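Colleague: Quick one: the structure is below, and I'll ask about it shortly.
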Amino acid sequence: MPIPVRETFPSDREDLIVQVTDDGSLTLVRAGSDDAFHSGCGAASETRHVYLRNSGVAERLGQQQPTRVLEIGLGTSMAMLMTLDAAVAQDAVLDYVAIETDWISAATLQYLKPRDWTSRPGLVDDYLDFRRSLPDEVPPGTYCWRLDARRNVTIEVADVRQSSHESEPPFDAIYYDPFCCESAPELWTSDCFRSMRRVISDTGKLTTYSCSRPVRDALEQAGWQVQRVPGPVGGKREVIIASPV
């Protein structure tokens, strides 16, 4: 089957190209590579299905359960903004932590029309204002954004392998979303997944778009029970939900 050619156009960074995905939402691709921040079959569709839905976060927020989320690979901030939007809609408490090494600037993010990702464009505007308050290239460190009294975001600019949250309350969900195994093999090891296992609640879930055999094996070696489930419509055939054993 031929690989579909999807429309692309430049961003403000030479190393990042904007791609139009099949559901109309926009994502970024590393120039000269196949490293995309989301599936070309639909960035928004993939995010809602793989992360908010498969993790149980959408259900938890719908039941107004206080929820802690850890995202590995903030990327374009799409999953974070969609999760915040759902929390505000349900008036649910949300504590969101994301770990990223290359935090996309507000100027670059605007190329993706992020106001289209949520039902509350003002939420996106508030986030963009927060991001603009920091340098375009953010130095390593921890940065806190308090959306309101019930929703907080902490973004760590750091190598996830050097980050630890074991002394904090456990997370209810982990969105595991770094670049693929071929591009970032060091982030798909049993050691990485073992560190994730130490910070998840007993009923929590780790979700990811990858369903390769090496990833499944690494998860199982690290103490996770792995379930393959259907991917988003029009996207990958299968994705992963992992639960602590």
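Colleague: Can you give the calculated 222 nm mean residue ellipticity of the chain, where each DSSP H run of n ≥ 4 adds -39,500 (n - 2.57) and the sum is split over every residue, rounded to the nearest 500 deg cm²/dmol? It would help to have the intermediate numbers written out before the result.
Modeller: Numbers: 7 runs with 56 residues, N = 245.
My calculation for the chain gives -6000 deg cm²/dmol from helical runs alone.
Colleague: Further question on the same structure: Counting pairs of Cα atoms in the stretch 1-114, how many percent are more than 23 Å apart? The partial results should precede the final answer.
Modeller: Details: 2117 of 6441 pairs.
Summing the P(r) tail past 23 Å for the stretch 1-114 gives 33 percent.
Colleague: Still on this model: Calculate the FRET efficiency for residue 34 and residue 110 from the Cβ-Cβ distance with a Förster distance of 25 Å, rounded to the nearest 0.05. Provide the component values of the computation, followed by the final result.
Modeller: On the way: r = 24 Å, r/R0 = 0.98.
Efficiency, rounded to the nearest 0.05: 0.55.
Colleague: Viscosity 1.306 mPa s, temperature 10 °C: what is the translational diffusion coefficient of the stretch 48-133 from Stokes-Einstein with a Kirkwood Rh over Cα pairs, rounded to a whole number of µm²/s? Mind dumping the intermediate values first?
Modeller: Working: Rh = 13.2 Å.
For these conditions, the coefficient is 120 µm²/s.
Colleague: List, in order, the whole-Hz ³J(HN,Hα) value for each residue of the stretch 82-96 obtained from phi through the Karplus relation with A = 6.51, B = -1.76, C = 1.60 and θ = phi - 60°; use x for Gly and Pro.
Modeller: For the stretch 82-96, the Karplus curve yields 5, 5, 4, 4, 5, 5, 5, 4, 9, 6, 9, 6, 9, 10, 10 Hz.
Colleague: Let me ask something additional. If each residue of separation counts as 0.36 nm, what is the full-extension length gain between residue 202 and residue 102 once their alpha-carbon separation is subtracted? Walk me through the intermediate numbers first.
Modeller: Values: separation 100, 0.36 × 100 = 36.00 nm, distance 3.09 nm.
That works out to 32.9 nm of additional length.
Colleague: Keeping every protein chain present and rolling a 1.4 Å probe, give me the accessible area per residue for the stretch 1-112 in Å².
Modeller: Working: 4580 Å² over 112 residues.
On a per-residue basis, 41 Å².
Colleague: From the backbone phi of the stretch 122-131, what are the Karplus-calculated ³J(HN,Hα) couplings (6.51 cos²θ - 1.76 cosθ + 1.60, θ = phi - 60°) in whole Hz, Gly and Pro given as x?
Modeller: x, 4, 5, 4, 5, 5, 4, 4, 4, 5
Colleague: Give me the log10 of I(q) over I(0) for the stretch 99-245 at q = 0.10, 0.11, 0.14 Å⁻¹, as the Debye formula computes it from C-alpha points; what are the numbers?
Modeller: -0.42, -0.52, -0.84
Colleague: A further question on this structure: Taking the highest mean first, how do the peptides 171-180, 106-115 order by number of other beta carbon atoms within 10 angstrom per residue? Intermediate values should be presented prior to the final figure.
Modeller: On the way: 171-180: 23.1, 106-115: 17.6.
In decreasing order of mean packing, 171-180, 106-115 become 171-180, 106-115.
The values are calculated or read from the model by the stated rules, or taken from the named source; none is laboratory data. What you see is a predicted model, and the numbers here were worked out from it, not measured in a lab. A quick note on method: Cβ atoms are made from the backbone with ideal geometry, for glycine too, and the neighbour counts reach across all protein chains shown. Side chains are part of the model used for accessible areas, which takes the heavy atoms of the whole protein and leaves out ligands, DNA and RNA. Shrake-Rupley method; radii C 1.70, N 1.55, O 1.52, S 1.80 Å.
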